[in-house]
Amino acid sequence: MRYQISGKQIDVGEALQTHVKSELGETFDKYAQRPTDATVVFSRDSSAYLCEANVHLSTGLTVAAKGQSHDVYAAFEAARERMDKQVRRYKRRLRDHHRDRRSPVEFAEAPLYVLAANEGTDEAEPDTLQPIIIAETEAKIPSLSVGEAVMQMELAGVPLLVFRNEKHGGVNVVYRREDRNVGWIDPAGRG
């Protein structure tokens, strides 16, 4: 597994890097998952340390977690424990996902735009309704079944996931509703 361990305005020493590598490796070996790479970023927020960890699995899925504590090691452990809980919860489904899938998850490229925010609500009416694009990158849209998309959304810890439905090839969205249920938008579902 490839590791990218870095710090934002903090020094990540050799001892912390070794600890992260051994603990993450142990966590994923326990569940017989095959991670391909891991990105762990440490940062500081006033008096607390933050740890953001993303691990990409060979099946194409991603597990993400965040941790926060007054100690940098404890912040990592909080993130690792969340990952462990997520992978433990989805172990059977991850194993079934890998067995049913003949090839890795395919990704389509799509442009991703970052639009400028309207700073104040007191502003006069804008001259145009065209948004101002401040950044442009690429997004990867996975081809998944609906069940896999919900699982990926949960594993990544995101409130929404855009994916290409394997059943019909259309773009779909799954999202976490305020009532904690999952919503599914399928424009091609009524045809």
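Can you name the residue in region 51-81 that is of a type in the set (S, T, Y) and within 17 Å of the chain's Cα centre (by Cα) and is also modelled with the lowest pLDDT among such residues?
T59
Looking at region 49-72, which of its residues are closer than 16 Å to D11 by Cα and loosely packed, with under 15 Cβ neighbours inside 10 Å?
H70, D71
Would you be able to tell me the number of residues in region 161-191 that are under 13 Å from V150 (Cα atoms), among the charged types (D, E, K, R) and part of a loop (DSSP other than H, G, I, E, B)?
Residues flagged as under 13 Å from V150 (Cα atoms), among the charged types (D, E, K, R) and part of a loop (DSSP other than H, G, I, E, B) within region 161-191 amount to 2.
Consider only pairs whose beta carbons are under 8 Å apart and that are at least six residues apart or on different chains; among these, list those whose first residue lies in region 62-73 and is farther than 10 Å from G157 by Cβ and of a type in the set (S, T, Y) and whose second residue is at pLDDT 90 or above and assigned to a strand (DSSP E or B).
S69/A48; S69/Y49
In region 173-189, what residues are of a type in the set (V, I, T) and at positive phi?
none
May I ask you to verify whether A135 is surrounded by 12 or more Cβ atoms within 10 Å (Cβ to Cβ) and hydrophobic (A, V, I, L, M, F, W, C)?
Spelling it out, it is not the case that A135 is surrounded by 12 or more Cβ atoms within 10 Å (Cβ to Cβ) and hydrophobic (A, V, I, L, M, F, W, C).
Looking only at region 1-8, decide whether some residue is closer than 23 Å to E154 by Cα and of a type in the set (D, E, K, R).
no
Among the residues of region 1-59, what is the count of those that are touching a Pro at 6+ places or on another chain (Cβ under 9 Å), assigned to a loop (DSSP other than H, G, I, E, B) and not aliphatic (A, V, I, L, M)?
Going through region 1-59 one residue at a time, the tally reaches 2.
Quick one: in region 116-132, which of the residues that are surrounded by 10 or more Cβ atoms within 10 Å (Cβ to Cβ) and at pLDDT below 85 is farthest from T62 (Cα to Cα)?
Among them, the one singled out is P126.
Looking for whichever is in a helix (DSSP H, G or I), of a type in the set (V, I, T), modelled with pLDDT under 90 and within 30 Å of T137 (Cα to Cα) here; the options are V87, V105. Which one fits?
The conditions single out V87.
The values are calculated or read from the model by the stated rules, or taken from the named source; none is laboratory data. As the structure is a computational prediction, the values presented were derived from the model and not from experiment. For neighbour counting, all protein chains shown are included, and Cβ atoms are generated from backbone atoms with ideal geometry for every residue, glycine included.
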